[in-house]
Amino acid sequence: MYKLLSATPSPYARKVRIQLAEKGLAFELITEVPWNTDTQTPLYNPLEKLPVLLCPDGSSVFESRYINEWLELKHPKPALMPKDVDGMLAVKRFEVIVDGACDALVLMFFEIARDADKQSQPWFERQQRKVDGALRYLSEAIGSNEFCHAHTFTLADIAVGTLLRYLTVRWAAKPWREQYPGLAQYSDRLEMRPSFKNSVPVPQVIRDRVA
Ligand SMILES: N[C@@H](CCC(=O)N[C@@H](CS)C(=O)NCC(=O)O)C(=O)O
(Lines give C-alpha, C1' and ligand atoms only; values in the text may rest on other atoms or scores of the structure.)
Protein backbone atom coordinates (compact mmCIF):
# COMPACT_ATOMS: atom_id res chain seq x y z
CA MET A 1 0.00 0.00 0.00
CA TYR A 2 1.16 3.54 -0.67
CA LYS A 3 1.96 5.94 2.15
CA LEU A 4 1.72 9.70 1.78
CA LEU A 5 3.71 12.24 3.76
CA SER A 6 1.31 15.12 4.08
CA ALA A 7 0.65 18.26 6.11
CA THR A 8 -2.91 19.19 7.09
CA PRO A 9 -2.99 22.67 5.48
CA SER A 10 -0.82 21.80 2.44
CA PRO A 11 -2.55 22.44 -0.91
CA TYR A 12 0.27 20.49 -2.60
CA ALA A 13 -0.36 17.41 -0.46
CA ARG A 14 -4.10 17.77 -0.82
CA LYS A 15 -3.82 17.49 -4.60
CA VAL A 16 -2.31 14.04 -4.18
CA ARG A 17 -4.77 12.99 -1.47
CA ILE A 18 -7.67 13.91 -3.74
CA GLN A 19 -6.16 12.18 -6.77
CA LEU A 20 -5.54 8.96 -4.79
CA ALA A 21 -9.13 9.04 -3.52
CA GLU A 22 -10.59 9.74 -6.98
CA LYS A 23 -8.68 6.73 -8.30
CA GLY A 24 -9.80 4.56 -5.42
CA LEU A 25 -6.21 3.86 -4.35
CA ALA A 26 -5.79 2.95 -0.69
CA PHE A 27 -3.00 4.78 1.15
CA GLU A 28 -1.78 5.44 4.65
CA LEU A 29 -1.74 9.13 5.49
CA ILE A 30 1.29 10.22 7.52
CA THR A 31 0.86 13.72 8.84
CA GLU A 32 4.02 15.79 9.29
CA VAL A 33 4.90 19.38 10.04
CA PRO A 34 7.59 19.76 7.35
CA TRP A 35 8.81 23.07 8.79
CA ASN A 36 9.78 21.59 12.17
CA THR A 37 13.36 20.39 12.64
CA ASP A 38 12.30 16.86 13.57
CA THR A 39 10.31 16.23 10.38
CA GLN A 40 11.16 13.00 8.57
CA THR A 41 10.51 14.63 5.18
CA PRO A 42 14.24 15.10 4.29
CA LEU A 43 14.76 11.35 4.66
CA TYR A 44 12.61 10.85 1.56
CA ASN A 45 13.03 14.06 -0.45
CA PRO A 46 16.36 15.88 -0.79
CA LEU A 47 14.38 19.08 -1.38
CA GLU A 48 12.90 18.60 2.13
CA LYS A 49 9.35 19.26 0.97
CA LEU A 50 6.18 17.26 1.15
CA PRO A 51 4.07 15.70 -0.26
CA VAL A 52 6.11 12.54 -0.67
CA LEU A 53 4.53 9.36 -1.95
CA LEU A 54 6.18 6.29 -0.40
CA CYS A 55 5.87 3.19 -2.55
CA PRO A 56 5.58 -0.40 -1.29
CA ASP A 57 9.06 -1.16 -2.75
CA GLY A 58 10.63 1.50 -0.51
CA SER A 59 11.13 4.14 -3.22
CA SER A 60 9.76 7.66 -2.90
CA VAL A 61 8.14 10.05 -5.36
CA PHE A 62 8.13 13.77 -4.60
CA GLU A 63 7.03 17.15 -6.01
CA SER A 64 3.25 17.29 -6.18
CA ARG A 65 2.88 17.86 -9.91
CA TYR A 66 5.31 15.04 -10.63
CA ILE A 67 3.45 12.75 -8.21
CA ASN A 68 0.17 13.62 -9.94
CA GLU A 69 1.72 12.76 -13.31
CA TRP A 70 3.37 9.62 -11.94
CA LEU A 71 0.08 8.35 -10.51
CA GLU A 72 -1.72 9.18 -13.75
CA LEU A 73 0.76 7.07 -15.70
CA LYS A 74 0.86 4.20 -13.21
CA HIS A 75 -2.89 4.16 -12.54
CA PRO A 76 -4.56 5.52 -15.69
CA LYS A 77 -8.15 4.77 -14.62
CA PRO A 78 -10.23 6.73 -14.06
CA ALA A 79 -8.37 9.21 -16.25
CA LEU A 80 -7.87 12.64 -14.73
CA MET A 81 -5.86 13.94 -17.67
CA PRO A 82 -7.20 14.32 -21.23
CA LYS A 83 -5.66 12.03 -23.85
CA ASP A 84 -5.36 14.67 -26.58
CA VAL A 85 -2.26 16.85 -26.60
CA ASP A 86 -4.08 20.20 -26.54
CA GLY A 87 -6.31 19.04 -23.69
CA MET A 88 -3.29 17.81 -21.76
CA LEU A 89 -1.47 21.11 -22.23
CA ALA A 90 -4.57 23.07 -21.19
CA VAL A 91 -4.82 21.09 -17.94
CA LYS A 92 -1.10 21.50 -17.25
CA ARG A 93 -1.43 25.25 -17.72
CA PHE A 94 -3.94 25.37 -14.86
CA GLU A 95 -1.56 23.30 -12.74
CA VAL A 96 1.29 25.75 -13.44
CA ILE A 97 -0.81 28.75 -12.42
CA VAL A 98 -1.98 27.08 -9.22
CA ASP A 99 1.48 25.96 -8.11
CA GLY A 100 2.83 29.45 -8.78
CA ALA A 101 0.08 31.00 -6.67
CA CYS A 102 0.64 28.50 -3.84
CA ASP A 103 4.40 29.14 -3.90
CA ALA A 104 3.71 32.89 -3.60
CA LEU A 105 1.29 32.30 -0.70
CA VAL A 106 3.89 30.24 1.17
CA LEU A 107 6.46 33.03 0.71
CA MET A 108 3.93 35.57 2.00
CA PHE A 109 3.14 33.40 5.00
CA PHE A 110 6.77 33.25 6.08
CA GLU A 111 7.47 36.87 5.22
CA ILE A 112 5.02 38.02 7.85
CA ALA A 113 6.38 35.43 10.30
CA ARG A 114 9.71 37.32 10.39
CA ASP A 115 10.45 39.87 13.09
CA ALA A 116 8.76 43.14 12.10
CA ASP A 117 12.07 44.91 11.32
CA LYS A 118 13.12 42.08 8.96
CA GLN A 119 9.94 42.01 6.89
CA SER A 120 9.97 43.41 3.37
CA GLN A 121 6.76 45.07 2.24
CA PRO A 122 7.84 45.25 -1.45
CA TRP A 123 8.62 41.52 -1.42
CA PHE A 124 5.27 40.73 0.21
CA GLU A 125 3.42 42.89 -2.31
CA ARG A 126 5.28 41.26 -5.19
CA GLN A 127 4.03 37.86 -4.08
CA GLN A 128 0.53 39.19 -3.47
CA ARG A 129 0.38 40.46 -7.06
CA LYS A 130 1.11 36.95 -8.29
CA VAL A 131 -1.75 35.52 -6.24
CA ASP A 132 -4.11 38.26 -7.39
CA GLY A 133 -3.04 37.71 -11.00
CA ALA A 134 -3.62 33.96 -10.69
CA LEU A 135 -7.11 34.45 -9.27
CA ARG A 136 -8.01 36.92 -12.02
CA TYR A 137 -6.71 34.48 -14.61
CA LEU A 138 -8.62 31.54 -13.12
CA SER A 139 -11.83 33.52 -12.86
CA GLU A 140 -11.64 34.46 -16.54
CA ALA A 141 -10.59 30.99 -17.66
CA ILE A 142 -13.27 29.08 -15.72
CA GLY A 143 -16.13 31.59 -15.90
CA SER A 144 -19.35 29.81 -15.02
CA ASN A 145 -18.15 26.41 -16.28
CA GLU A 146 -18.54 23.40 -14.04
CA PHE A 147 -14.95 22.30 -14.66
CA CYS A 148 -11.71 23.86 -15.90
CA HIS A 149 -11.51 21.89 -19.12
CA ALA A 150 -13.94 20.22 -21.54
CA HIS A 151 -16.77 19.79 -19.00
CA THR A 152 -14.77 17.00 -17.35
CA PHE A 153 -13.24 16.68 -13.91
CA THR A 154 -9.44 16.63 -14.29
CA LEU A 155 -6.22 17.31 -12.41
CA ALA A 156 -6.82 20.98 -13.26
CA ASP A 157 -9.90 21.02 -11.01
CA ILE A 158 -8.02 19.23 -8.26
CA ALA A 159 -5.32 21.90 -8.44
CA VAL A 160 -7.62 24.93 -8.61
CA GLY A 161 -9.91 23.51 -5.92
CA THR A 162 -7.04 23.03 -3.49
CA LEU A 163 -5.73 26.56 -4.05
CA LEU A 164 -9.14 28.12 -3.42
CA ARG A 165 -9.79 26.22 -0.19
CA TYR A 166 -6.24 26.87 1.00
CA LEU A 167 -6.93 30.59 0.65
CA THR A 168 -9.87 30.22 3.00
CA VAL A 169 -7.78 28.31 5.54
CA ARG A 170 -4.60 30.39 5.64
CA TRP A 171 -5.78 33.74 4.23
CA ALA A 172 -9.31 34.07 5.57
CA ALA A 173 -9.18 37.87 5.34
CA LYS A 174 -8.56 37.80 1.58
CA PRO A 175 -11.90 38.75 -0.02
CA TRP A 176 -11.53 36.48 -3.07
CA ARG A 177 -15.05 35.01 -2.70
CA GLU A 178 -16.65 38.45 -2.93
CA GLN A 179 -14.30 39.48 -5.73
CA TYR A 180 -14.88 36.32 -7.76
CA PRO A 181 -18.31 34.84 -6.92
CA GLY A 182 -18.05 32.47 -9.90
CA LEU A 183 -14.87 30.97 -8.45
CA ALA A 184 -16.52 30.74 -5.02
CA GLN A 185 -19.41 28.72 -6.50
CA TYR A 186 -16.97 26.55 -8.43
CA SER A 187 -15.02 25.89 -5.22
CA ASP A 188 -18.18 25.07 -3.25
CA ARG A 189 -19.27 22.58 -5.92
CA LEU A 190 -15.90 20.82 -5.85
CA GLU A 191 -15.89 20.65 -2.06
CA MET A 192 -19.05 18.48 -2.27
CA ARG A 193 -17.09 15.61 -3.81
CA PRO A 194 -16.19 12.90 -1.27
CA SER A 195 -12.49 13.18 -2.20
CA PHE A 196 -12.56 16.88 -1.26
CA LYS A 197 -14.79 16.40 1.81
CA ASN A 198 -12.38 13.82 3.21
CA SER A 199 -9.35 16.07 2.88
CA VAL A 200 -10.55 19.44 4.16
CA PRO A 201 -7.42 21.43 5.03
CA VAL A 202 -6.84 22.60 8.58
CA PRO A 203 -4.12 24.93 9.91
CA GLN A 204 -1.10 23.41 11.63
CA VAL A 205 1.01 24.88 14.40
CA ILE A 206 4.63 25.28 13.35
CA ARG A 207 6.70 24.86 16.51
CA ASP A 208 10.15 25.83 15.27
CA ARG A 209 11.34 29.10 13.88
CA VAL A 210 11.54 29.00 10.09
CA ALA A 211 12.31 32.55 8.93
N1 LIG B 1 6.79 22.48 -5.39
C2 LIG B 1 6.51 21.64 -4.26
C3 LIG B 1 6.08 22.52 -3.09
C4 LIG B 1 5.81 21.71 -1.85
C5 LIG B 1 5.90 22.56 -0.60
O6 LIG B 1 6.25 23.75 -0.62
N7 LIG B 1 5.60 21.91 0.53
C8 LIG B 1 5.73 22.55 1.80
C9 LIG B 1 4.54 22.19 2.70
S10 LIG B 1 3.08 22.93 2.08
C11 LIG B 1 6.97 22.02 2.49
O12 LIG B 1 7.09 20.83 2.70
N13 LIG B 1 7.91 22.93 2.83
C14 LIG B 1 9.07 22.62 3.59
C15 LIG B 1 10.27 23.35 3.07
O16 LIG B 1 10.19 24.04 2.03
O17 LIG B 1 11.32 23.24 3.70
C18 LIG B 1 5.43 20.64 -4.60
O19 LIG B 1 4.62 20.94 -5.47
O20 LIG B 1 5.42 19.52 -4.04
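Within segment 67-86, if we keep just the residues that are more than 16 Å from the ligand (Cβ to nearest atom) and among the aliphatic types (A, V, I, L, M), the residue that is surrounded by the most Cβ atoms within 10 Å (Cβ to Cβ) turns out to be Leu80. Pairs linking a residue in segment 200-211 that is among the β-branched types (Val, Ile, Thr) to a residue that is open to solvent by 60 Å² or more (accessible area, probe 1.4 Å), with Cβ atoms under 8 Å and 6 or more positions apart or on different chains, are Val200/Arg165; Ile206/Trp35; Val210/Trp35.
Evaluate the following for Ala211: is it within 16 Å of the ligand (Cβ to nearest atom), open to solvent by 10 Å² or more (accessible area, probe 1.4 Å) and at pLDDT below 95? Yes; evaluated as a whole, the condition is true for this residue.
So is Tyr44 more than 21 Å from Val205 (Cβ to Cβ) and out of contact with any helix residue (DSSP H, G or I) (no Cβ under 8 Å at 6 or more places or on another chain) or not? Yes, satisfied. Counting only residues that are open to solvent by 10 Å² or more (accessible area, probe 1.4 Å), touching a helix residue (DSSP H, G or I) at 6+ places or on another chain (Cβ under 6 Å) and closer than 16 Å to Val98 by Cα, segment 144-179 holds 4 of them.
Table: residues versus (1) farther than 19 Å from Arg170 by Cα; (2) within 12 Å of the ligand (Cβ to nearest atom); (3) of a type outside the set (Gly, Ala, Ser).
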| residue | (1), (2), (3) |
| --- | --- |
| Ser6 | no, yes, no |
| Ser10 | no, yes, no |
| Gln19 | yes, no, yes |
| Glu32 | no, yes, yes |
| Leu47 | yes, yes, yes |
| Val52 | yes, yes, yes |
| Pro56 | yes, no, yes |
| Arg65 | yes, yes, yes |
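Residues being at pLDDT 95 or above, within 12 Å of the ligand (Cβ to nearest atom) and buried (at least 18 other Cβ atoms within 10 Å of the Cβ) are represented in segment 87-95 by at least one member.
The values are calculated or read from the model by the stated rules, or taken from the named source; none is laboratory data. Predicted model, so just to flag it, every value in this text is computed and none were measured. Methodologically, a virtual Cβ is constructed for each residue, glycine included, from the backbone with ideal geometry; neighbour enumeration extends over all protein chains shown. What goes into the accessible areas is simple: the full protein's heavy atoms, side chains included, and nothing from ligands, DNA or RNA. Shrake-Rupley method; radii C 1.70, N 1.55, O 1.52, S 1.80 Å.
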